[in-house]
Amino acid sequence: MTTPCAGTVPIEVVPTGFALGAEIRGIDARKPPPPEAAEALREAWKQHLVLLFRGQTGLSDKELIAFTQVFGPLQEAPNSDVTAGFGSFADVPPEVTIISNIEVDGRPIGALGAGEADWHTDMSFIEEPPAGSCLYAIEVPPSGGNTSFTNMHRALDTLDAETAATVKDARCVHDLSLTSTGSRRQGIPEVADVRETPGARHPVLRTHPDTGRKALFLGRRRNAWLVGFEVGESERLLDRLWSHAADEAHVWEHRWREGDIVLWDNRAVMHRRDPFDPATRRLMHRTQVKGGRPY
Ligand code: OGA
Ligand code: MN
């Protein structure tokens, strides 16, 4: 599909052919898009949920921030007391999170290291999780570190009727004690009983505020609990929900190149990352679009 924009190169939206995601061509992220192009980008995001922009090398943090603002006001990086252990130690603006395994003087400059990040939603342990996350690839390892995305509208639409009916009005606790690679955040005790997991309790079925579509909304599998359910029953249902959400029928896997920007809708998409060789370098800068309370 080609969307013509007055006075500019038309934006091209090329769907991945999988359950979600599209590559956008004809955008230079360093330049503010004219209003028609900005509108076309927001429309494409609504429709495809994950947008890929290739070849955006050399973007500064300021330019990355301005580009992300096309999609909404930004949320500051998760570096508060509650999320300690995820914050960056390098000198970046408060809107930017460094995702990297690189260490300087024995200290990691960013979050998530080189390990696997299991399926999750970003920062959903807070009451108003970000609407989206935007990850910009500055250095990419020669292999590994692919990031996969799953379409949570599709996951809900194809969920078996019995499970869907059982969780229809349920809330789930979104654990804040662990990061997406499973390391414990500073100062948060280990969870011994999922009924005491710290973190926001959100509806399992949420409505996308921009499109009105329903989606399955899950945070992190570990330490999750369907509030009020008997623990064994909650575990059984959560295993069912997670394995269904991760079904490859709903998934698109992205293989990074330097200069890629990938923006995902955190309200209707979960993501995961493959591990990679810790002896190689991976450097990403991430921004977050502000979101509202899930309903
Ligand atoms: C994140 C994240 C995945 C990756 O930044 O929230 O999960 O590919 N990153 O590094
Ligand atoms: Mn993440």
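Key figures
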item: Filtered residue count, region 28-83, keeping only those that are of a type in the set (Val, Ile, Thr), modelled with pLDDT of 95 or more and over 18 Å from the mean Cα position of the chain (by Cα); result: 1
item: Qualifying strands (runs of 3 or more DSSP E) (wholly inside region 217-295; at least 3 residues being over 23 Å from Pro108 (Cβ atoms) and within 14 Å of ligand 2 (Cβ to nearest atom)); result: 261-265
item: Selected residue (only one of Val231, Val227, Val204, Val251 is of a type in the set (A, V, I, L, M), closer than 26 Å to Gly291 by Cα and more than 18 Å from the chain's Cα centre (by Cα)); result: Val227
item: In region 113-130, the residues that are under 17 Å from His202 (Cα atoms) and away from ligand 2 (no atom under 14 Å from the Cβ); result: Glu127, Glu128
item: Residue among Asp247, Asp274, Asp239, Asp260 that is in contact with a helix residue (DSSP H, G or I) (Cβ under 8 Å, 6 or more places away or on another chain) and at pLDDT 95 or above; result: Asp247
item: Residue match in region 129-141 (condition: of a type in the set (A, V, I, L, M) and either part of a loop (DSSP other than H, G, I, E, B) or free of Cβ contacts under 8 Å to residues at least 40 places away in the same chain (or both)); result: yes
item: Pick from region 233-273, criterion among the acidic types (Asp, Glu) and within 15 Å of ligand 1 (Cβ to nearest atom), ranking: surrounded by the most Cβ atoms within 10 Å (Cβ to Cβ); result: Asp265
item: Residue within region 130-141 that is more than 11 Å from ligand 1 (Cβ to nearest atom) and aliphatic (A, V, I, L, M) present; result: yes
item: Residue selected from region 94-115 under the condition under 21 Å from Ala66 (Cα atoms) and out of contact with any Gly (no Cβ under 9 Å at 6 or more places or on another chain), by the criterion nearest to ligand 1 (Cβ to nearest atom); result: Val96
item: Criterion: in contact with a helix residue (DSSP H, G or I) (Cβ under 9 Å, 6 or more places away or on another chain), at pLDDT 95 or above and within 16 Å of ligand 1 (Cβ to nearest atom) - qualifying residue of Leu218, Leu205; result: Leu218
item: Matching residues in region 274-292 - criterion: being over 19 Å from Phe125 (Cβ atoms) and away from ligand 1 (no atom under 11 Å from the Cβ); result: Asp277, Pro278, Ala279, Thr280, Arg281
item: Pick from region 254-295, criterion within 27 Å of Gly17 (Cβ to Cβ) and among the small types (Gly, Ala, Ser), ranking: nearest to the chain's Cα centre (by Cα); result: Ala268
item: Residue in region 224-231 that is more than 15 Å from Arg171 (Cα to Cα) and surrounded by fewer than 23 Cβ atoms within 10 Å (Cβ to Cβ) present; result: no
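The values are calculated or read from the model by the stated rules, or taken from the named source; none is laboratory data. Note that this is a predicted model, so its numbers are computed, not measured. Here Cβ is always computed from backbone atoms with ideal geometry, including for glycine, and neighbour counts include all displayed protein chains.
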